[in-house]
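Step one of this worksheet: look at the structure below.
No value in this document is a laboratory result; all are computed from the given coordinates. Keep in mind it's a predicted model, so treat the numbers as computed, not measured. Here the Cβ positions follow ideal geometry from the backbone for every residue, glycine too, while neighbour counts run over all protein chains shown.
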Amino acid sequence: MGSVTSKLTPENNARNQNFSSIMRPERPPISGNDALQALVAAERIDGYMLAVSKNRYNRKARFGKNYMPTFDVVDMVIPSPDPSQPWPSGQVLWMEPSADGGLPHTRPPYYICMPKTYPEDKLQNTLLHERIHVSQRMYPNEWIDMIKNAWGMTVWNDTLPSNIEDRRRLNPDILMAPHFAWKNEYVPCSIFVDLTDPSLNKIQLVWYHIPTRTIRTDVNTIPGWKDFFGIIPHGEHPYEIAAYLLSDDSLSCRAKNAINSILFKLPINDKIYFM
Ligand SMILES: [Zn+2]
């Protein structure tokens, strides 16, 4: 673990700021209080915690977990984004380790919530994944076009049947994004495996088949999916698939080549984050 935490004292707070001014000039760290205010503002935009509170399975899966920023100083170097890539830096909020089961995630408009105990050697790669989600928040229309042009997936504006919607694991990264359909018929989503003991880490990728209003659980019954995307962990939504494919060098598939070839269409403009 690369994380060293300590109490917020004038000495180590000054040290942290000095440290950051050298290592990460574009993004000074924010205090626990400011992070809390940021989460309050994010909640006004996406209503994530409200949605969790209204769904019994999502509520149960997060029971006893502390969805709060840490008030400790976290001495981890936050790597800057690669300037040759179109990914915005976002603003990291260090969270209590149990927040959302320790799963890194984003909140609007540009916050990246990371457990304060996250392994430092994995930080760069995970931040890349999360920065892709920040880009999806910044440029929703461009992303909708890219997903359509690269993958042929189109926005599906209908809603899932309530018995399926009820079982979905709420994912803050895609909460404000529309559903997409593959070949106009198959809508990927993730549902809890065990409804008596729902866990944020035990989910199953399924496809809602629009014409028959049924769920398919076997990827081999989804025409062309495996051939195009390969086996993607947590491929519950094209935004997640893109974040995994573009942040993991070990993954290769036709879908990755297709989206890589049109990434140049994304604006490179991080200026709005220098507030
Ligand atoms: Zn993700």
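Miscellaneous remarks
- C-alpha long axis of helix 10-23 to longest principal axis of the chain, angle in °: 60
- Beta bridges by DSSP in the chain, antiparallel share as percent, to the nearest 5: 80
- Computed over the range 55-179: relative contact order in percent, which uses C-alpha pairs under 8 Å that are six or more apart: 24
- Relative contact order of the chain, defined on C-alpha pairs under 8 angstrom at six or more residues apart (%): 18
- Alpha-carbon Debye profile of the chain, log10 I(q)/I(0) at 0.15 Å⁻¹: -1.19
- Counting Lys and Arg as +1 and Asp and Glu as -1 over every other residue whose Cβ lies under 14 Å from the Cβ of residue 222, the net charge comes to -1.
- Degrees, to the nearest 10: 120-138 long Cα axis against longest axis of the chain: 60
- Rounded, prolate or oblate (a/c below 1.5 giving rounded, otherwise prolate when a/b exceeds b/c) for the range 140-271 by Cα gyration tensor: prolate
- Helical runs assigned H by DSSP (4 residues or longer) give the chain a calculated mean residue ellipticity at 222 nm of -10500 deg cm²/dmol, each run adding -39500 (n - 2.57) before division by the residue total.
- Entries of 122/148; 226/256; 65/202 with Cα pairs more than 23 Å apart: 122/148
- Relative contact order of the range 169-275, defined on C-alpha pairs under 8 angstrom at six or more residues apart (%): 19
- Nearest-ten-degree value, helix 140-151 long axis tilted from longest Cα axis of the chain: 50
- In this structure, the amide hydrogen of residue 180, modeled 1.01 Å from its nitrogen in the peptide plane, lies closer than 5 angstrom to those of 156, counting only residues at least 5 positions away or on a different chain.
- Of the peptides 210-223, 172-185, the order by per-residue mean of other Cβ atoms within 10 Å, starting with the highest, comes out as 172-185, 210-223.
- Among 187, 239, 125 the positive-end extreme of the charge dipole of the chain (Cβ point charges): 187
- In this structure, the amide hydrogen of residue 93, modeled 1.01 Å from its nitrogen in the peptide plane, lies closer than 5 angstrom to those of 112, 113, 114, counting only residues at least 5 positions away or on a different chain.
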